[in-house]
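Asker: Before we start, here is the structure in question, set down as structure tokens.
FYI, it's all coordinate maths here, none of it is from the lab. Keep in mind the model is a prediction, meaning the values are calculated, not measured. With ideal geometry, Cβ positions are generated from the backbone for all residues, glycine too; neighbour counts draw on all protein chains shown.
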Number of protein chains: 2
Amino acid sequence: MKSQIIAAQILQTLTTPAQNHFRTAGVPALNVDLQGIPGGRHYGFTRKAGARENWYPRGMDMRSGRQLSIVSLEDLAEIARRMDLPRIEPGWIGANMVVSGIPDFTLIPWGSRFFCGEGAVLVNEGENAPCRFAGGEIARNFPSRERLDILFPKAAIHLRGVVATVERAGGIAPGPLKVKIPEQKLWTGGRLL
Amino acid sequence: MKSQIIAAQILQTLTTPAQNHFRTAGVPALNVDLQGIPGGRHYGFTRKAGARENWYPRGMDMRSGRQLSIVSLEDLAEIARRMDLPRIEPGWIGANMVVSGIPDFTLIPWGSRFFCGEGAVLVNEGENAPCRFAGGEIARNFPSRERLDILFPKAAIHLRGVVATVERAGGIAPGPLKVKIPEQKLWTGGRLL
């Protein structure tokens, strides 16, 4: 499938208010450099390997593909619907940017580029795997409900947004967003579709 | 399509003998860190935008997705066949690693991981676009043939290998290679295949 450009919107930008927690809080805009969001929890070209990378020793220095977390309004609404919740706030699960207008946002191809109206360009590094920590934060906001932390990873599969790195430094703020979807192909030993 | 692991081979490792040219020459092994090949032409977390990124100002600092260039023996042989040449040496086109045993190597998905037997892990950052500079170097080796520099970009499409970044520091040497192909999907507005 040929490359295509999608016109969409940035609705909200968020960053880390406290380094010791993955929660994020809304800010009017972000100004990113090539290592991510200065002061943010995931700032850096490298990071320590964690539970998601169980093929590496815990704490090993590795390339960071997750400088920013991006979610879509539509995907969060669908997770909330599946969990029978009135809403899921993007800050509860550590998002840095909320977008709207991209169907099946979490499934956009690795290597898709986000051209933000304020200058920054981000590269999609793939689906963000849902985890129980984010589920725990959702659960904390609905104390009358049980086992939401375990329900979240199941409900959020292919809906939890993507992680991204910065390709071009610059601003990110609510407003227009263009997403360039690269040429798509399936490797089947490898016929180009 | 589900993720899969391919058992393959590393045949050769190469690096830059002179910083002022993209040619590479064979070495017994490479020892990469998270910025790539120390002393290599493409070492660094960042690089300057060039002709391939014509949507950016030339020389702009940007994220580097091309610390290493990887080609396959089979794809190079097919390019040579299409160009009616006896061979194409990987060093002529600046390759850092030659692999064998992966069908349609250049088409493997973005995000595929190369687990090298000597410890390094590389992440596929997509197809390497053929260019006239590499074509010029091929032409220089066959002075009796005309216009090989222009023929190369056409003959090499989907055969010129991929670029990659280092996820885990370590060694790269001829020997066993495992390639993890991630789950594949096409975003069609976005049905998961």
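Asker: Do any chymotrypsin sites (Phe, Trp or Tyr not before Pro) in segment B:1-89 lie in a loop, going by DSSP, with at most 12 other beta-carbon atoms within 10 Å of their beta carbon, and if so which?
Answerer: Taking segment B:1-89 and a limit of 12 other Cβ atoms within 10 Å, the loop chymotrypsin sites (Phe, Trp or Tyr not before Pro) found are B:55.
Asker: GluC sites (Glu not before Pro) within segment B:110-193: which are DSSP loop residues with at most 15 other Cβ atoms inside 10 Å? Provide the component values of the computation, followed by the final result.
Answerer: Details: sites: B:118, B:125, B:127, B:137, B:146, B:167, B:183; in loops: B:118, B:146, B:183.
Answer in residue order: B:146, B:183.
Asker: To continue, here is another question. May I ask you to report, in nm to one decimal and beginning with the shortest, the distances from residue A:171 to the same position in the other copies, taking label points 7 Å along Cα-to-Cβ?
Answerer: Result, one decimal in nm: 5.1.
Asker: Assuming R0 = 45 Å, can you tell me the calculated FRET efficiency for the pair residue A:157 and residue B:133, based on Cβ-Cβ distance, to the nearest 0.05?
Answerer: Calculated value: 0.55.
Asker: Another one. Separation of segment A:107-141 and segment A:27-52 by C-alpha centroid, Å?
Answerer: 12
Asker: I'd like the per residue volume of the convex hull spanned by the Cα atoms of segment B:1-51, given in cubic angstrom.
Answerer: 165
Asker: OK, next. What is the calculated FRET efficiency for residue A:21 to residue B:51, with r their C-beta to C-beta distance and R₀ = 41 Å, to the nearest 0.05?
Answerer: Taking R0 as 41 Å, the efficiency between residue A:21 and residue B:51 is 0.40.
Asker: Here is a further query. Would you mind listing the distances between the residue B:145 label point and the same position in each other copy? Use 7 Å along Cα-to-C-beta, nm, one decimal, shortest first.
Answerer: Reported distances to equivalent positions: 6.4 nm.
Asker: Next question. If each of residue B:3 and residue B:145 carries a label point 7 Å out from its Cα toward its Cβ, how far apart are those two points in nm?
Answerer: 4.0
Asker: Still on this model: Treat the count of other C-beta atoms within 10 Å as a stand-in for reagent exposure and order B:21, A:158 from fewest to most. Show your work: numbers first, answer last.
Answerer: Details: B:21 12, A:158 15.
In order of increasing Cβ crowding within 10 Å: B:21, A:158.
Asker: If the only charges are +1 at each Lys and Arg Cβ and -1 at each Asp and Glu Cβ, what is the size of the charge dipole of chain A around the Cα centre, to the nearest 20 debye?
Answerer: 340
Asker: Can you list residues from other chains, or at least 5 along the same chain, whose modelled amide H is less than 5 Å from the amide H of residue B:14?
Answerer: B:27, B:97
Asker: For B:104, A:33, B:84, what's the fewest-to-most ordering of other Cβ within 10 Å of each Cβ? The partial results should precede the final answer.
Answerer: Details: B:104 19, A:33 16, B:84 11.
In increasing order of surrounding Cβ atoms, one gets B:84, A:33, B:104.
Asker: Can you give the average number of partner chain beta-carbon atoms within 10 Å of each beta-carbon in peptide A:104-114, as a whole number?
Answerer: Taking the mean over all residues of the peptide, I get 5.
Asker: Based on alpha-carbon positions alone, could you give the equivalent ellipsoid semi-axes of segment A:1-135 from the gyration tensor, as √(5λ), descending, whole Å?
Answerer: On the way: eigenvalues 97, 73, 57 Å².
With the √(5λ) rule applied to segment A:1-135, the semi-axes are 22, 19, 17 Å.
Asker: Ok, one more. Over all directions, what mean area does the Cα convex hull of the protein assembly as shown project, stated in square nanometres?
Answerer: Approximately 18.7 nm², given one-decimal rounding.
Asker: If Rh is defined by the Kirkwood formula over all Cα pairs and Rg also comes from Cα, what ratio Rg/Rh do you get for segment A:69-134?
Answerer: Working: Rg = 12.4 Å, Rh = 12.9 Å.
Value, to two decimals: 0.96.
Asker: For chain B, what does -39500 (n - 2.57) per DSSP helix run (n ≥ 4), summed and divided by total residues, give at 222 nm, in deg cm²/dmol to the nearest 500? Intermediate results must be reported in sequence, preceding the final value.
Answerer: On the way: 3 runs with 28 residues, N = 193.
Rounded to the nearest 500, it is -4000 deg cm²/dmol.
Asker: I would also like to ask the following. Order of A:100, B:3, B:69 from fewest to most other C-beta atoms within 10 Å? Don't skip to the end; give the middle numbers.
Answerer: Details: A:100 15, B:3 11, B:69 24.
Exposure proxy ranking, most exposed first: B:3, A:100, B:69.
Asker: With the label 7 angstrom out along Cα to Cβ, how close does residue A:56 come to the same site in each of the other copies, in nm, nearest first?
Answerer: 2.2
Asker: Then there is this: 5 Å is the cut-off here: which amide hydrogens, built 1.01 Å from N in the peptide plane, fall below it relative to residue A:9, excluding neighbours closer than 5 in sequence?
Answerer: Counting only residues 5 or more places away or on other chains, the set is A:100, A:177.
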